[in-house]
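Participant: Below is one structure. I have some questions about it.
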Amino acid sequence: MRRLISFVLILVVLAVGIGFFRGWFSMETNKVPFSEKMDVHFQVDGDKMKQDASAIEEKTKHLFKSE
């Protein structure tokens, strides 16, 4: 069970890392004036994900057509 949880955790970390690298996710922080509070904004760019998925799909189709 421990191996399964570790494997899933590694997959999640890889997906988040790739997502930030490819621009699927972004995070912004702002300090609130006159306070010790910090605003954190996390955004997901679904359009960018769809574009990348379509590009991968097209490349995969071309790979299998050439065989």
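Participant: Being out of contact with any Phe, Trp or Tyr (no Cβ under 6 Å at 6 or more places or on another chain), of a type in the set (A, V, I, L, M, F, W, C) and either closer than 24 Å to Val12 by Cβ or open to solvent by less than 100 Å² (accessible area, probe 1.4 Å) (or both) is the filter here, so list the residues in the stretch 22-37 that pass it. Working first, answer last.
Facilitator: So in the stretch 22-37, the residues out of contact with any Phe, Trp or Tyr (no Cβ under 6 Å at 6 or more places or on another chain) come out as 22-26, 28-37.
Narrowing the set further to residues that are of a type in the set (A, V, I, L, M, F, W, C) leaves 24-25, 32, 34.
The answer is Trp24, Phe25, Val32.
Participant: Can I ask one more? Within the stretch 53-61, is even one residue assigned to a strand (DSSP E or B), of a type outside the set (Gly, Ala, Ser) and open to solvent by less than 90 Å² (accessible area, probe 1.4 Å)?
Facilitator: no
Participant: Turning to a different aspect of this structure: Scanning the stretch 14-39 for residues that are among the small types (Gly, Ala, Ser) and not in a helix (DSSP H, G or I), which turns out nearest to the chain's Cα centre (by Cα)? Explain how you work it out, then say what you get.
Facilitator: The first filter runs over the stretch 14-39 and keeps only residues among the small types (Gly, Ala, Ser), leaving 15, 17, 19, 23, 26, 35.
Those left that are additionally not in a helix (DSSP H, G or I): 23, 26, 35.
Working: Gly23: 7, Ser26: 9, Ser35: 31 Å.
The selected residue is Gly23.
Participant: From Glu28, Glu58, Glu36, grab the single residue that is in contact with a His (Cβ under 6 Å, 6 or more places away or on another chain) and at pLDDT below 95.
Facilitator: Checking each option against the conditions leaves just Glu28.
The values are calculated or read from the model by the stated rules, or taken from the named source; none is laboratory data. All of these numbers come straight from a predicted model, not from anything done at the bench. Neighbour counts run over all protein chains shown; Cβ positions are idealised from the backbone, glycine included. Each accessible area value is taken on the protein alone, full model and side chains, heavy atoms only, with ligands, DNA and RNA left out. Shrake-Rupley method; radii C 1.70, N 1.55, O 1.52, S 1.80 Å.
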